[in-house]
Amino acid sequence: MATMTDPEGGTFRPSMLLYDSRYRSATIQIVALIGFLLLIGWLVNNTVQNLADLGKSVGFGFLGERAGYDINQRLLEYSSNDSHLRASLLGLLNTLLVAVAGCALATIVGVVVGVLRLSSNWLVARIMTVYVEMFRNVPVLLWIVLSMAILIETLPPPSAYRGDEPAANMIVGESIALTNRGIYVPEPLFGRMDEDGGFVSWRHGLGDVSLFGDASLRFDVSLDLIAILATLVAGLLVSGLIRKRADRIQNATGLRPRTWYWRWGVVLIPLVLLLWVLGFYLGKPALQGFNFQGGTHLRNSFIALWLALSFYTAAFIAEIVRGGILAISHGQTEAAAALGLRQRRIMSLVVLPQALRVIIPPLISQYLNLTKNSSLAIAVGYMDLTGTLMGITLNQSGRELETVLLTMLIYLLISLSISGAMNIYNNSVKLKER
Amino acid sequence: MKNSVILGALTVAGFMAGAAQAATLDDVKARGSLKCGSNSGLTGFAAPNANGEWEGFDVAVCRAVAAAVLGDPQAVEFVPTTPKTRFTALASGEVDILSRNTTWTLTRDVDLKFTFVGVNYYDGQGFIVPKALGVSSAKELDGATVCIQTGTTTELNLADFFRVNNISYEPVPIETNAEAQQQYLAGACDTYTTDASGLAATRASFEAPGDHVILPEIISKEPLGPLVRHGDDEWADIVRWTLNALIAAEEFGITSTNIAELSNGTDNPEINRILGTEGTMGEMLGLDAEWAKRAIMAEGNYGEIFEKNIGESTPIGLARGLNAQYKDGGLQYAPPFR
Amino acid sequence: MAGLSYVRVEMLPEREPPVSEVGLIGWLKSNLFSGWFNTILTLISLYFIYALVSSILPWLWSPTWAAQSLNECREIVSDLGKEHGGACYGVIRERWQQLLFGFYPDELRWRPILTLILLFVALAPVLFTEAFPAKMLWFTGAFLFLAPWLMWGGVIWTPLLVAAGLVIGFYAFKFSAGAIGNLAAIILAIALPILWWMFAIGPISQGLASIIPFGIEVVESRLFGGFMLSVWIGVVAIAISLFLGVVLALGRQSELMIVKYLSVGFIEFIRGVPLITLLFVASTLLNIFMPPGTNFDIILRVMIMATLFASAYIAEVIRGGLAALPRGQYEAADALGLDYWKSQRLIILPQALKISIPGIVSTFIGLFKDTTLVSIIGLLDPIGLTGSIRADANWNGIIWELYGFIAILFFISCFSMSRYSMWLERKLRKGHQ
């Protein structure tokens, strides 16, 4: 625009704001911004006025008040005397739990189905097609409700395990109980057995460390878990060193020393030793009173939500995987074969790295969808963020504005961090064109 | 009405100023229909039938109010609400009256700023268990799995009850009564807790109702009644006295069958005042003289409504109990029409 | 020895391939039983299918069509001596109309049906560009105003006057563009119709209605329900969000920084939160955001939020379409000397929208499925209605029949739409080669 010099030097006419291309874009933007701010101001003004009419104030003080309700699935310690804030925190953790577990299962199922859809076996390929179409074309809410109904109606109640000749039996060495209240699996416990078979005083191994005292965000950290993780990481590091050394020797001499037993050994032996010292054992669930006691209780609501979300999302992932594999041209495989690579290496060195570049971006947006869909937990009574903060807390405190906006904000943060991770990945695998 | 629908969809939202909230009665009259927040489905209390007509005990209150104000018991728009959306619907003016088995509590009255106009059903939270469980008292439920409907006072009562008695439980929160029933019958919970009326209604629909007992403990007071917004006392009065008229009608033996005869005038001045043949009660309320007569004719008096929707002749089979007239040992007691 | 040859000189007749390679057996062998792994897979699959069918079929076969209540069903089934019970179809017979139309008055049900048929007619020139003349697009435009009138009813004048607003905007632009410049003309063309819609339509349509009262019966949106509600929310939201989506997509591609960030912020915000939170906004907050005294009914509020939700996704789809256009198209438009709006309107958008259609259809399928979420805020869509139906003492305790019926309805509609979308995608891909 160097040619468009203003002949009259410094004089400025208002009409230039519209007709002079130097100012025009700024004008449009400022108008847009003012319009936007006016809209926001209008909404806020309405809100303030409406709330004043209703005699309500806005504030987050209610989060500190006593929640008064119980949550069944507690990843942290919680009682009805705790605050709404802590209840929301537990809800958030439940959301994250089902999201992570769902993404993992959806990926596994999706990849298997996606590969099987390309199977040469006609029947298997057809079944997988039917599966994909069935799940994709029925609303996920219906699947969630249906899977809950299936769990409730098909599995036996705990009372079926009672009596001398029970109608149902625990599986896998009497350690897992499938009931229509959920699945009871053994839980890892720490404590050393005495000579008589009784527990010595420190039955909880190293015990827990409580952080943040009495605050709503307090949580306990299991020292046992930290010790185990530390041992595992140390073992893996040493194992990595051994591998590097083997690489070095191979590079220097051409011969690779056999190291697999060393590499397994440095990881496993300290771990087993540590577990023995801590007195690790599995606490099996046992029928006691109305329910199974002991063990870890995977509740029905969790399982139903988890399975429904996973299988629904897996149908989409399967299509992505299939598309990704089909996107790799046949020439690539043939070229790799011509280079003398074996079938397995063709897959791992040529096809998969390229297919992953196609697969992963849509895969992560499926993860995003799954996480957002987990808010449907409310339909089966899984106490996630929508069940606690935007559910019972909203209802008991009557603070619609604060709870709904806070819930949206939290989901937004989760989504943004997932898509942030996706962007980092995309940049790292982007084709570097020179 | 229809203009506002289409314009609302097409124009920038929000310029359609309705009348101020203060005069609900004028709004209702201008609109020609009463907007009533109802349950989206609770057996006996509110549910649409196959023809899409709403029926039930709570529904009848709305019909009576519509009959009193507009002269037509069918001039009601039912807005199904969930436990979570009901208060917002009322507060924002989406409905004129909320008749949705809602418990009268201090916070709802004072903090949420609603006026409870009365109690149309005295209820309390109870437990139902299968007989096979061998439980005779709620205090024996230590470690039990309890199904509860979320979004109500029920879960707070439950938490308090188990805390006070120092016993543990596993709550299973459930959105609707139908799902709770399904879980309970399948044995996914040992007991189901909700208002005793709901328990009776639920039990009535079981394949074998005799296999289940409702435990004697009633762990809470649940006065359920219709409510309106704070700040419009004239409207609250209309709803309150419509409800009272239904209750008083039963007390004085005014039924939907004999009302025509009675409204020719009787020896009982109270009946005359209710039916508008004496005094100016209707005008005081801003209605006409026959408001209560129409309200009673809509679905009958309180007792008739009770019997028709949830009484002992229905599958739900609730006894009057606390909801009998005060003369019969119950709590239903209409202030005098004077 | 002339006749002697060590090499066969005559052709052998062609022989039939071995039996194991052709026909049913050959097909079975190559497709089902090639190798031990495939054989095992096949056997497992066969067993799976058998188990599924043998457990569901007996349940499905159940002569309970006429039953009036669940108890009656149970009697019929137990009279047949069935072990695992049977389906109770009585509830479908009694309630299928409710599940399809909600509470829409019986005698007016031709209106939603007609709207649906007209919807297909209106979509035909968009979806099957070759088979139908482009002139039918006029009907598509008219349908936008016809459909709400058919669904909600009322006097004919309102939709006509609303449509007139667009005409006013168009002519305002046309006649003022020369006098006050393009940008000001656009602002005028937007402002005038809005003023027209806000202030002029009400009185004028009332006036016209009092002179020529031609109209159909009003049906309020609270009577909408069932499957019709899902379809209607989906169609309205997608139709409006197409316009919003184009604006947002152009905004996101724009070189104007503030416009770009506002668009990006809106799109990412909507896409970052679950739909259910937006529906909670519709049910609990939207009235608080509006000026005091305003009151939309819940279905309109849900439609507003669903529209905002869909527009963010549509914007991304259209952005994909814009990005997929070859750079040369933009450059060619610039070379012709077209300004921004002209090049968008005449060159870029028609092509970008065309290649975006499969994505738009997928977005619609997704939104259509997601409309079931409105049951959570108490609207009586098919899933919401199951709760109401089960509250009827006659049908208390019924599960699978209702869910199955709804699932089949959704499956049929979504499956056919996704097939169309795939067909179109294939066609477009071929067209580009």
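We did not get these values from a lab; they are worked out from the coordinates using the rules stated. Quick caveat, the model's predicted, so the values are computed rather than measured. Every residue, glycine among them, receives a Cβ derived from its backbone with ideal geometry; neighbour counts consider all protein chains shown.
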Which of the DSSP-defined H helices in chain A satisfy a minimum axial length of 15 Å, computed from C-alpha atoms, and a minimum mean Kyte-Doolittle hydropathy of 0.5? A:21-54, A:84-117, A:122-136, A:140-154, A:223-253, A:260-278, A:300-327, A:400-429
Through the Karplus equation 6.51 cos²θ - 1.76 cosθ + 1.60, θ set to phi - 60°, convert the phi angles of region C:71-78 into ³J(HN,Hα) values in whole Hz; use x for Gly and Pro. 5, 4, 4, 4, 5, 4, 5, 6
Out of residues 5 or more away from residue B:77 or on other chains, whose amide H comes under 5 Å of its own, with H placed 1.01 Å from N in the peptide plane? B:34, B:35, B:36
Quick query: amide H of residue B:123 versus all other amide H atoms, modeled in the peptide plane; which residues come in under 5 Å with a sequence gap of 5 or more or a different chain? B:222, B:224
Where does the longest stretch of chain C lie that holds no GluC sites (Glu not before Pro) found in a DSSP loop with 10 or fewer other Cβ atoms within 10 Å? C:256-433
Name the residues of region C:225-255 whose amide N is less than 13 Å from a point 7 angstrom out from the Cα of residue A:423 along the C-beta direction? none
DSSP-loop chymotrypsin sites (Phe, Trp or Tyr not before Pro) across region A:210-315, with at most 12 other Cβ within 10 angstrom: A:212
If I model a spin label as a point 7 Å beyond the Cα along the Cα-Cβ vector, how far apart are those points for residue A:208 and residue C:93 in nm? 5.8
Excluding same-chain residues fewer than 8 positions from residue B:327, which aspartates and glutamates have a Cα within less than 20 Å of its Cα? B:123, B:250, B:251, B:270, B:304, B:307, B:312
Trypsin sites (Lys or Arg not before Pro) restricted to DSSP loop in region C:12-107 with at most 12 other C-beta within 10 Å: C:15
For residue B:142 and residue B:23, FRET efficiency with R0 = 45 Å and r from the beta-carbon atoms, rounded to 0.05? 0.25
Need one word for region A:278-434: rounded, prolate or oblate. Basis is the Cα gyration tensor (sqrt eigenvalues a ≥ b ≥ c); a/c below 1.5 gives rounded, then a/b vs b/c decides. oblate
Which lysines, on any chain, are close to residue C:427 with Cα under 30 Å apart, when same-chain ones fewer than 8 places away are left out? A:430, C:135, C:342, C:354, C:369
For residue A:264 and residue A:164, what is the calculated FRET efficiency with R₀ set at 51 Å and r taken between the beta-carbons, to the nearest 0.05? 0.65
Simple Cβ-charge dipole of region A:307-434, Lys/Arg +1 and Asp/Glu -1, about Cα centre, in debye nearest 20: 680
Show which lysines lie in cross-link reach of residue A:56 when reach means a straight Cα distance below 25 angstrom and same-chain residues fewer than eight apart are skipped. B:35, B:84, B:113
Please give the contour-minus-distance gain from residue C:194 to residue C:334: 0.36 nm per residue of separation, less the Cα-Cα distance, rounded to one decimal in nm. 47.2 nm
Report Rg(Cα)/(2.2 N^0.38 Å) for chain C, keeping two decimals. 1.33
By its C-alpha gyration tensor, with a ≥ b ≥ c as the square roots of the eigenvalues, how is the protein assembly as shown shaped: rounded for a/c under 1.5, else prolate for a/b larger than b/c, else oblate? oblate
I want the antiparallel fraction of DSSP beta bridges within chain B, as a percent rounded to 5. 50
Output the antiparallel fraction of DSSP beta bridges having both residues in the protein assembly as shown, as a percent to the nearest 5. 70
So the label point goes 7 Å from the Cα of residue C:46 along Cα→C-beta, right? Which residues of region A:122-140 then have their backbone N under 18 Å from it? A:122-128
If I model a spin label as a point 7 Å beyond the Cα along the Cα-Cβ vector, how far apart are those points for residue C:430 and residue C:255 in nm? 4.0
Residue B:116 neighbourhood, Cβ < 10 Å, K/R = +1, D/E = -1, net charge +1
From the phi angles alone, apply the Karplus equation (6.51, -1.76, 1.60; θ = phi - 60°) to region C:53-62 and give each ³J(HN,Hα) in whole Hz, x where the residue is Gly or Pro. 5, 5, 8, 8, 4, x, 5, 5, 7, 7
Of all stretches in chain C that avoid chymotrypsin sites (Phe, Trp or Tyr not before Pro) placed in a DSSP loop and having at most 13 other Cβ atoms within 10 Å, the longest is C:215-433
For chain C, what does the helix formula give at 222 nm: sum of -39500 (n - 2.57) over DSSP H segments with n ≥ 4, over the residue count, nearest 500 deg cm²/dmol? -23000 deg cm²/dmol
Whole-Å distance linking the alpha carbon centroid of region C:199-262 with that of region B:39-65 is 32
Net charge of neighbours whose Cβ lies under 13 Å from the Cβ of residue C:428, counting Lys and Arg as +1 and Asp and Glu as -1: +3
Karplus couplings for region B:166-177 from phi (6.51 cos²θ - 1.76 cosθ + 1.60, θ = phi - 60°), rounded to Hz, Gly and Pro as x? 6, 10, 9, 7, 10, x, 10, x, 9, 6, 10, 4
Fraction of alpha-carbon pairs in chain A farther than 35 Å apart, rounded to whole percent, equals 55
Whole angstrom only: what separates the Cα centroid of region B:284-338 from the Cα centroid of region A:83-118? 52
Mind checking which of A:322, A:258, A:399 has the largest fluctuation in a GNM of chain A, springs on alpha carbons under 10 Å? A:258
Grab the beta carbon distance between residue C:212 and residue A:78, set R0 = 56 Å, and tell me the FRET efficiency rounded to 0.05. 0.25
